[in-house]
1. May I ask you to list pairs of residues, at least six apart or on different chains, whose Cβ atoms are under 6 Å apart, with the first in the range 63-76 being in contact (Cβ under 8 Å) with a residue 24 or more places away in the chain and the second being of a type in the set (Ser, Thr, Tyr)?
2. Of (1) assigned to a loop (DSSP other than H, G, I, E, B); (2) of a type outside the set (D, E, K, R); (3) buried (at least 21 other Cβ atoms within 10 Å of the Cβ), residue 320 satisfies all except one. Which?
3. Pick out the one residue from 191, 166 that is within 26 Å of the chain's Cα centre (by Cα), surrounded by 13 or more Cβ atoms within 10 Å (Cβ to Cβ) and more than 30 Å from residue 308 (Cβ to Cβ).
4. At least 3 residues that are over 19 Å from the mean Cα position of the chain (by Cα) and not charged (D, E, K, R) in each: list the strands (runs of 3 or more DSSP E) lying fully within the range 261-306 that qualify.
5. Just to verify a result, which residue in the range 323-376, among those that are assigned to a strand (DSSP E or B) and out of contact with any Asp or Glu (no Cβ under 9 Å at 6 or more places or on another chain), is surrounded by the fewest Cβ atoms within 10 Å (Cβ to Cβ)?
6. Filtering the range 110-133 down to residues that are outside any loop (DSSP other than H, G, I, E, B) and among the polar types (S, T, N, Q), which residue is farthest from residue 57 (Cα to Cα)?
7. Out of all the residues in the range 195-208, is one or more surrounded by fewer than 23 Cβ atoms within 10 Å (Cβ to Cβ), charged (D, E, K, R) and at pLDDT 95 or above?
8. I'm trying to understand the selection: among the residues of the range 46-78, which are buried (at least 22 other Cβ atoms within 10 Å of the Cβ) and in contact with a Gly (Cβ under 7 Å, 6 or more places away or on another chain)?
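The values are calculated or read from the model by the stated rules, or taken from the named source; none is laboratory data. No experiment lies behind these values; they were computed from the predicted model shown. Methodologically, a virtual Cβ is constructed for each residue, glycine included, from the backbone with ideal geometry; neighbour enumeration extends over all protein chains shown.
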Amino acid sequence: MKCQFALFLGFSLLIAFAGCDKQEASPPGAGNSLGHGTNVIVAYEDSLAGHPIVVIGSERRDFAIAFSRLFQGQELAFSPLQGRLPVVMEDNLGNWWNMFGRAVYGPDRGAQLDFINSGVGYWFVFGATYPGLPVYGLGGQGLAIHPDTSGNWGVPSAYVSQGAGFDGIPALLYPPFINYHPFNLDPNEPFYLESNDLVVVVSLNDETKVYPHKILDRHEIVNDRLGGVEISVTYAPFTGTAKVWKRSGEDASSSFGVSGRIYNSNMLAFDRVTETLWHQIEGRAVFGQRLGEQLELIPHVETTWGTVLWFGPNPTVMDINTGSSKDYGEYPFGDYKESSTVYFPLLYSDDRLHPKERIFCASYGGVAKAWQMSDF
């Protein structure tokens, strides 16, 4: 029965791909939604600190991403492309762009858009990190909060808490991966990921890997090599935020670990060369020898495993046999995702939305804006 279902699913996907025709979108308009046509892919053109950006996402496919609209000295205009995942938008020059900001078709094929620091997470952490930030459709709040960052900290140390012990949560180093194919699965042992399970997808230099939340919940950091580049995939379960950093310079041959320190309930990582503490949401050094430095953020997409299966055959995904004794079958924090509970102190509590509503937030030049997933 399971084999028959797999065959049916494969044929269904082939039919779906074959029937995807390009759809024309409405003309771009600054700050306005574009191309609600099929309610699958939605794009917003906006700006942060005067810098033009495009935000594109889909509530149905559970993803949102942001890129700069400045490209080779000009400002591009974008519209969404429907039914062609992982290709999501086209520009006024005739280029088609995928979810990782790479041109896959058109006169600039192979080019890369600049990634804007962005991602999905729980509302409370964005409200605390960027007090009063504007939310699409709700506006912002005129707040003047000036926290004390004295004492060699880049964040107010009064809101830094101790969670687990230093390195008490074991980060992974070059874990094993498998090429997923439903025909290769044991019919008596279901695959550990279901279609609605959240994953982080990273693509560099023609290599793509999938890092599931089920594993990241237990380890928070995966130090890996992708497309010949040393990276760290980070996930903070208490804030629901994923970030991917390039390990460059003096930390290229090192790895990152979980310090156990927490700011606004968000993980502070440490590098094993200097033991500097890094703010996970911003990739910024907030304490130690490298205070004030900024890591290079790598384009990535957080979405569901079911959406990944639309990208193409045989995705490369983390093997559940990581070498750890951790149980990846059960979510380790009970009803935390649904409750209003926040475990650690916050710089500011913004009650405009439920604390655990999953929000997309983009920041640039110290300015942030947020969108509810329902906006996509």
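1. Hits for this filter: 63/303; 66/118.
2. (3)
3. The match here is 166.
4. Here the list reads 284-287.
5. Once the filter is applied, the top-ranked residue is 367.
6. 129
7. The answer is yes; a qualifying residue exists.
8. Within the range 46-78, 63, 64, 65, 67 meet the criteria.
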